[in-house]
Amino acid sequence: MRAKRLLLGMLAGNSAGGLACLLAFGLGWLAGGHVWVVIYPSLFAIPFTIGVVAAWVWRPLELRIGQVLLHCLSCTLLGLGAAYLVFREGVVCLLMAAPILYLGAIAGALTGRVWFRKASDRLNLCLAPLFLFAVAAEPSLRGTHTGVVTDEIRIAAPPSKVWPHVLAFPEIRDAPKYWLFRIGLPYPLETTNGGDFVGADRACRFSGGAVFKERVAELVPRKLLTFDIVEMPPNPELMGHFDAQRGQFELRDNGDGTTTLIGRTWYSLHVRPAAYYDWWTHDIFSAVHLRVMKHIQRLAESGG
């Protein structure tokens with residue numbers, strides 16, 4: 001009898017947690033016009049709330065810590081599955097979100113274990129409105145997070161040999177090596193150039209048909225190319241998570257027949273917590289930079 005009650009309680013808790021996650025995804029999608037609720041409110045607040053909801057359902061079961069950890073994992077997987085099926089969220093984005101979702105659910109469930117003790121009912125009634133207010137108010141207290149990613153490589157060719165391939169380059173036929181590219185994140189394939197002057201249109205084509213439309217903002221032959229990113233593709237792995245605003249290639253003549261090629265991307269980040277997703281953003285942009293820059297290196301050094 002106790003085993004049956006325990007099983008039913010755990011299923012109810014997991015379902016409640018998953019339902020809370022699904023509702024949170026829906027509210028975020030409606031409020032922000034984006035598929036990911038991490039835009040509104042903070043990602044950590046969502047799984048924390050899920051953990052609290054599940055802990056309330058589990059409270060008669062007196063679960064051990066190990067059981068709480070296991071069933072927080074179930075809630076997390078249920079929420080991720082709901083985001084994938086209902087809101088068509090990208091696999092890569094769900095994978096990146098999974099660790100912090102799980103940790104947030106654990107934090108909420110362990111807090112709920114203390115919060116929902118019978119002796120603390122009055123305290124719970126007092127704290128509940130404060131908790132809900134904090135979750136609702138958090139988005140208004142944060143600003144836009146911006147940053148720039150910079151990478152550089154040394155090319156065994158002078159700037160005059162490197163420059164044409166910075167302006168435009170043919171398709172990169174090598175299979176991607178970066179692990180997120182291998183599992184579905186769009187990766188760069190080729191760049192087209194509408195002219196060697198300020199205001200010229202450019203396009204960077206990525207895998208999966210994704211195209212970043214660009215416009216030349218600054219051009220110093222054999223030294224500097226800066227372009228604004230005027231349109232991003234409606235890709236589920238990219239949409240609503242960040243804006244890539246500007247890109248740049250800088251060529252530095254080393255005076256010994258070699259060139260230092262520097263790639264930069266300026267961006268704004270819409271997902272939270274910013275510190276967590278900023279690490280992922282830097283890692284991904286670096287992979288994009290290096291795939292393009294190493295292709296330019298091969299072309300320049302081979303005279304292609």
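Residues in the range 174-191 that are at pLDDT below 95 and β-branched (V, I, T): I183 only. Report whether or not A136 is at pLDDT below 95, surrounded by 15 or more Cβ atoms within 10 Å (Cβ to Cβ) and either within 27 Å of the chain's Cα centre (by Cα) or β-branched (V, I, T) (or both). So A136 fails the test. Here is the figure for the range 257-281: residues that are at pLDDT 95 or above and out of contact with any helix residue (DSSP H, G or I) (no Cβ under 7 Å at 6 or more places or on another chain) total 6. Residue-level analysis places L185 among those that are in contact with a helix residue (DSSP H, G or I) (Cβ under 6 Å, 6 or more places away or on another chain) and touching a residue at least 24 places away in the same chain (Cβ under 8 Å). With (1) modelled with pLDDT of 75 or more; (2) crowded, with 17+ Cβ neighbours inside 10 Å; (3) under 26 Å from L269 (Cα atoms) as the list, and Y84 as the residue in question, which single condition is left unmet? Evaluating Y84 over (1) modelled with pLDDT of 75 or more; (2) crowded, with 17+ Cβ neighbours inside 10 Å; (3) under 26 Å from L269 (Cα atoms) leaves (2) as the failure.
Can you name the strands (runs of 3 or more DSSP E) wholly within the range 171-277 that have at least 3 residues being among the aliphatic types (A, V, I, L, M) and open to solvent by less than 10 Å² (accessible area, probe 1.4 Å)? Working first, answer last.
Values: elements: 188-193, 201-206, 211-220, 224-231, 242-253, 259-269.
Of the strands (runs of 3 or more DSSP E) lying wholly inside the range 171-277, those with at least 3 residues that are among the aliphatic types (A, V, I, L, M) and open to solvent by less than 10 Å² (accessible area, probe 1.4 Å) span 259-269.
Can we say I153 is surrounded by 15 or more Cβ atoms within 10 Å (Cβ to Cβ) and either out of contact with any Pro (no Cβ under 7 Å at 6 or more places or on another chain) or of a type in the set (A, V, I, L, M) (or both)?
On the way: surrounded by 15 or more Cβ atoms within 10 Å (Cβ to Cβ): yes; either out of contact with any Pro (no Cβ under 7 Å at 6 or more places or on another chain) or of a type in the set (A, V, I, L, M) (or both): yes.
Judged against the criteria, I153 is a match.
The values are calculated or read from the model by the stated rules, or taken from the named source; none is laboratory data. Everything numeric here is computed off the predicted structure, so don't read it as measured data. As a convention, Cβ positions derive from the backbone with ideal geometry for all residues, glycine included, and neighbour counts pool all protein chains shown. Side chains are part of the model used for accessible areas, which takes the heavy atoms of the whole protein and leaves out ligands, DNA and RNA. Shrake-Rupley method; radii C 1.70, N 1.55, O 1.52, S 1.80 Å.
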